[in-house]
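Heads up: the structure comes next, in structure tokens.
Every number in this text was worked out from the coordinates using simple rules, so none of it is lab data. Just so it is clear, the model here is predicted, and its values are computed rather than measured. Neighbour counts run over all protein chains shown; Cβ positions are idealised from the backbone, glycine included.
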Amino acid sequence: MKKEDCIFCKIASGEIPSKTLYEDEDFRVILDLGPATKGHALILPREHAADLFELPEETAAEVLVLAKRIAARMRERLHCDGMNLVQNNGEAAGQTVSHFHLHLIPRYQDDGQKINWVPGECTQEELENVRRELAE
Ligand code: 5GP
Ligand code: ZN
């Protein structure tokens, strides 16, 4: 279902024009308006889901297959040297648009971008405690 006040619903449906790289019944892939690097694109499912938690499993599976295809095209045509897939969920994680989207960010040697985190430190015991919390 489309959400009335959602900008990515409007872009995905074509109501708002975008620089579209690919579209099918379920997805639209567009260029990001504020590209981190040349070719920075977003995969948008047409069906509204706010984030990964709301995304149907079937769509989640399709997204990665599509990402692989678009990434291959980027490598072939833009000659990028690498590729970051970034997917933010929730304000705490840096999500600014509440409609699931997967970033494809082509990387070029010495492109000056940083898509990183600061590695922390922890003991084996702490790791084990977290493992217990999370393992089935
Ligand atoms: P987030 O921070 O939610 O993971 O990413 C949102 C992304 O959407 C940002 O990279 C931003 O540049 C992009 N964006 C926001 N509004 C628009 C828009 O209207 N059109 C396009 N093409 N990209 C947008
Ligand atoms: Zn939406």
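Any residue in the stretch 1-20 that's in contact (Cβ under 8 Å) with a residue 24 or more places away in the chain and under 21 Å from Gly34 (Cβ atoms): show its pairings with residues that are more than 7 Å from ligand 2 (Cβ to nearest atom) and polar (S, T, N, Q) at Cβ separation under 6 Å, as long as the two are six or more apart or on different chains.
What qualifies is Ile11/Ser18.
Kindly list the number of the only condition in (1) at negative phi; (2) touching an Asp or Glu at 6+ places or on another chain (Cβ under 9 Å); (3) within 16 Å of ligand 2 (Cβ to nearest atom) that fails for Leu102.
Checking Leu102 against (1) at negative phi; (2) touching an Asp or Glu at 6+ places or on another chain (Cβ under 9 Å); (3) within 16 Å of ligand 2 (Cβ to nearest atom), the one that fails is (2).
Of everything in the stretch 6-30, what is more than 20 Å from Gly90 (Cα to Cα), crowded, with 16+ Cβ neighbours inside 10 Å and in contact with a strand residue (DSSP E or B) (Cβ under 8 Å, 6 or more places away or on another chain)? Give them in sequence order.
Initial filter on the stretch 6-30 (more than 20 Å from Gly90 (Cα to Cα)): 10-30.
Pick out the ones that are also crowded, with 16+ Cβ neighbours inside 10 Å and you get 10-12, 18, 21, 27-30.
Correct list: Ile11, Ala12, Ser18, Leu21, Phe27, Arg28, Val29, Ile30.
Look through the stretch 107-136, keep the residues that are in contact (Cβ under 8 Å) with a residue 24 or more places away in the chain, out of contact with any strand residue (DSSP E or B) (no Cβ under 6 Å at 6 or more places or on another chain) and surrounded by 10 or more Cβ atoms within 10 Å (Cβ to Cβ), and return whichever of them is nearest to Leu55 (Cα to Cα).
In the first step, residues of the stretch 107-136 are kept if they are in contact (Cβ under 8 Å) with a residue 24 or more places away in the chain; the result is 107-109, 111, 113, 115.
Okay, now just the ones that are also out of contact with any strand residue (DSSP E or B) (no Cβ under 6 Å at 6 or more places or on another chain), so 108-109, 111, 113.
Keeping just the survivors that are surrounded by 10 or more Cβ atoms within 10 Å (Cβ to Cβ) gives 108, 111, 113.
Numbers: Tyr108: 31, Asp111: 32, Gln113: 29 Å.
My answer is Gln113.
Residues being buried (at least 19 other Cβ atoms within 10 Å of the Cβ) and within 13 Å of ligand 1 (Cβ to nearest atom): count how many of those fall in the stretch 40-65.
Residues that pass the stated criteria total 5.
When you look at Asn84, is it among the polar types (S, T, N, Q), farther than 19 Å from Ala12 by Cα and touching a strand residue (DSSP E or B) at 6+ places or on another chain (Cβ under 9 Å), yes or no? Please lay out each step first, then the result.
Working: among the polar types (S, T, N, Q): yes; farther than 19 Å from Ala12 by Cα: yes; touching a strand residue (DSSP E or B) at 6+ places or on another chain (Cβ under 9 Å): yes.
For Asn84, the condition - among the polar types (S, T, N, Q), farther than 19 Å from Ala12 by Cα and touching a strand residue (DSSP E or B) at 6+ places or on another chain (Cβ under 9 Å) - is met.
Might you check whether a residue that is within 16 Å of ligand 2 (Cβ to nearest atom) and outside any strand (DSSP E or B) occurs anywhere in the stretch 67-81?
Here is the first cut: in the stretch 67-81, the ones within 16 Å of ligand 2 (Cβ to nearest atom) are none.
For the stretch 67-81, residues within 16 Å of ligand 2 (Cβ to nearest atom) and outside any strand (DSSP E or B): absent.
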